[in-house]
């Protein structure tokens, strides 16, 4: 419609802004909305449309997770310790979106500093699942998932450290893609676990996610971990047949506490794929069973180091106390939330002199073993399949008294982060009337092949159920 001049970029932006603002309290998806900022981007996009320099996503609204730096707009990570912080620069991914002509609707809610699986750790308010607002949207990119599922933005950006794009995508019935570690620059992403973090797209379809991945990816010399590779190429995603593809089925991904309804939906989807010509290969990767344990040593260790910069001295609010040490302690003690403080303490403990070898070093060794084993499996198969989340969206507050159950929600997604593998979640059916996610993991740097396979799977599974949002169109 934009290309055919049936609507203007400003009209599209206004329509999505109106919906985002009218559902802001209902879904809790947005922390910050600035109409003038959004409409100025829409006008810039319209100029591209008018002068013939538009790309495939020019004028398309996008929601941005609030741990991605946006020049002149708040970037708070849903934390009191960054309340009022406005960065002077754009993250590389944000700059690339502007260059491609996308229009940011606003900054979305998340678990504080991306630490959580339900979005209930936000210091502002929890985001809610548009399928059922009494339930969580997943985390930590819960606001970005709710924004897309609730039709307040057609696409969004999230970040994924242990499953934070794919798990909320699964719980909200949309597509979530974590690219290969290093394909998308982390410059301007507020660091949580630097060896695990990756920015990626959320969308309604695989092809939309691929277009957004193309827009934000590519080498960036400001990120030391950026791969010297071109942008992800979305041009051939909608090609090929799934017939004859070999997909590995690790038994460990179908075991650990998965709900029967989730397994039934995934197995039904696999039956459809088998009928379409897919060959499934049963394998065993025992290291997967220790993935959560390993992750909750490595990620907090990196967080302990990364979050040392938030001390009230350089930016953000400051709690006054006696002396420098007292001020820092008061600021961090009062302004960090419980989950963030817990992970910092765990991380500091496992890095301490007496425990480094026993915990951190062993976790890194197991991480390497898991990545090598998964890579070995992928050498003989096109992808690895499994549920994205072992559970469907659970009630708000439903797991808040059971921290171990909350951490096990990431059981199926963590392995991809451990080895930097690309992975994607897509809806594959319902359980208890709520969406179930199917996850595919591909070979490192072969993002295009994974996206093409995901599109083929999407075609084989056919149209998926949509939430009842009371919309007429």
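Data for the structure
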quantity: Test set (1) surrounded by fewer than 19 Cβ atoms within 10 Å (Cβ to Cβ); (2) at pLDDT 95 or above; (3) under 30 Å from residue 364 (Cα atoms); (4) out of contact with any strand residue (DSSP E or B) (no Cβ under 9 Å at 6 or more places or on another chain) - residue 404 fails condition number; calculated: (2)
quantity: Criterion: surrounded by fewer than 19 Cβ atoms within 10 Å (Cβ to Cβ) and farther than 24 Å from residue 418 by Cα - qualifying residue of 228, 272; calculated: 272
quantity: Boolean, residue 467 is out of contact with any strand residue (DSSP E or B) (no Cβ under 6 Å at 6 or more places or on another chain), free of Cβ contacts under 8 Å to residues at least 60 places away in the same chain and either surrounded by fewer than 24 Cβ atoms within 10 Å (Cβ to Cβ) or outside any helix (DSSP H, G or I) (or both); calculated: no
quantity: Residue match in the stretch 434-447 (condition: in a helix (DSSP H, G or I), surrounded by 19 or more Cβ atoms within 10 Å (Cβ to Cβ), at negative phi and in contact (Cβ under 8 Å) with a residue 60 or more places away in the chain); calculated: yes
quantity: Residue check, residue 212 in contact with a helix residue (DSSP H, G or I) (Cβ under 8 Å, 6 or more places away or on another chain) and buried (at least 22 other Cβ atoms within 10 Å of the Cβ); calculated: no
quantity: Spans of helices (runs of 4 or more DSSP H) in the stretch 261-358 with at least 3 residues in contact (Cβ under 8 Å) with a residue 24 or more places away in the chain and under 24 Å from the mean Cα position of the chain (by Cα); calculated: 291-306, 338-351
quantity: Residue satisfying condition, being touching a helix residue (DSSP H, G or I) at 6+ places or on another chain (Cβ under 6 Å) and not in a loop (DSSP other than H, G, I, E, B), within set 76, 38; calculated: 38
quantity: Flag if residue 41 is touching a strand residue (DSSP E or B) at 6+ places or on another chain (Cβ under 6 Å) and either over 16 Å from residue 139 (Cβ atoms) or surrounded by fewer than 24 Cβ atoms within 10 Å (Cβ to Cβ) (or both); calculated: yes
quantity: Test for residue 377: is it touching a residue at least 40 places away in the same chain (Cβ under 8 Å) and not in a loop (DSSP other than H, G, I, E, B); calculated: yes
quantity: Residue count for the stretch 244-260, restricted to those that are crowded, with 17+ Cβ neighbours inside 10 Å and part of a helix (DSSP H, G or I); calculated: 3
quantity: Failed criterion for residue 389 (all others in (1) surrounded by fewer than 23 Cβ atoms within 10 Å (Cβ to Cβ); (2) at pLDDT 95 or above; (3) not in a helix (DSSP H, G or I) hold); calculated: (1)
quantity: Any hit, the stretch 134-147, residues being surrounded by fewer than 24 Cβ atoms within 10 Å (Cβ to Cβ) and either touching a residue at least 60 places away in the same chain (Cβ under 8 Å) or not in a loop (DSSP other than H, G, I, E, B) (or both); calculated: yes
quantity: Yes/no for residue 154 being in contact with a strand residue (DSSP E or B) (Cβ under 8 Å, 6 or more places away or on another chain) and farther than 27 Å from residue 300 by Cβ; calculated: yes
quantity: Top-ranked residue of the stretch 1-34 - restricted to ones that are without any contact (Cβ under 8 Å) to a residue 12 or more places away in the chain and under 28 Å from residue 119 (Cα atoms), ranked as surrounded by the most Cβ atoms within 10 Å (Cβ to Cβ); calculated: 24
quantity: Of the criteria (1) farther than 27 Å from residue 185 by Cβ; (2) touching a helix residue (DSSP H, G or I) at 6+ places or on another chain (Cβ under 6 Å); (3) in a loop (DSSP other than H, G, I, E, B), which one residue 412 fails; calculated: (1)
quantity: Flag for residue 221 being more than 22 Å from the chain's Cα centre (by Cα), farther than 28 Å from residue 377 by Cβ and loosely packed, with under 14 Cβ neighbours inside 10 Å; calculated: yes
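Residues are listed down the side, and each one gets a yes or a no for (1) over 14 Å from the mean Cα position of the chain (by Cα); (2) touching a residue at least 12 places away in the same chain (Cβ under 8 Å); (3) outside the structural domain of residue 82 (by TED's automatic domain parsing); (4) part of a loop (DSSP other than H, G, I, E, B):
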| residue | (1), (2), (3), (4) |
| --- | --- |
| 157 | no, yes, no, no |
| 164 | no, yes, no, yes |
| 168 | no, yes, no, no |
| 171 | no, yes, no, no |
| 177 | no, yes, no, no |
| 182 | yes, yes, no, yes |
| 195 | yes, yes, no, yes |
| 202 | no, yes, no, no |
| 209 | no, yes, no, no |
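Conditions tested, residue by residue: (1) in contact with a helix residue (DSSP H, G or I) (Cβ under 8 Å, 6 or more places away or on another chain); (2) surrounded by fewer than 24 Cβ atoms within 10 Å (Cβ to Cβ); (3) modelled with pLDDT under 95.
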| site | (1), (2), (3) |
| --- | --- |
| 151 | yes, yes, no |
| 156 | yes, no, no |
| 162 | yes, no, no |
| 167 | no, no, no |
| 172 | yes, no, no |
| 179 | yes, no, no |
| 185 | yes, no, no |
| 191 | yes, yes, no |
| 194 | yes, yes, no |
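The values are calculated or read from the model by the stated rules, or taken from the named source; none is laboratory data. All values derive from a computational prediction rather than experimental measurement. In this analysis, Cβ positions are derived from the backbone assuming ideal geometry, glycine residues included, and neighbour counts consider all displayed protein chains.
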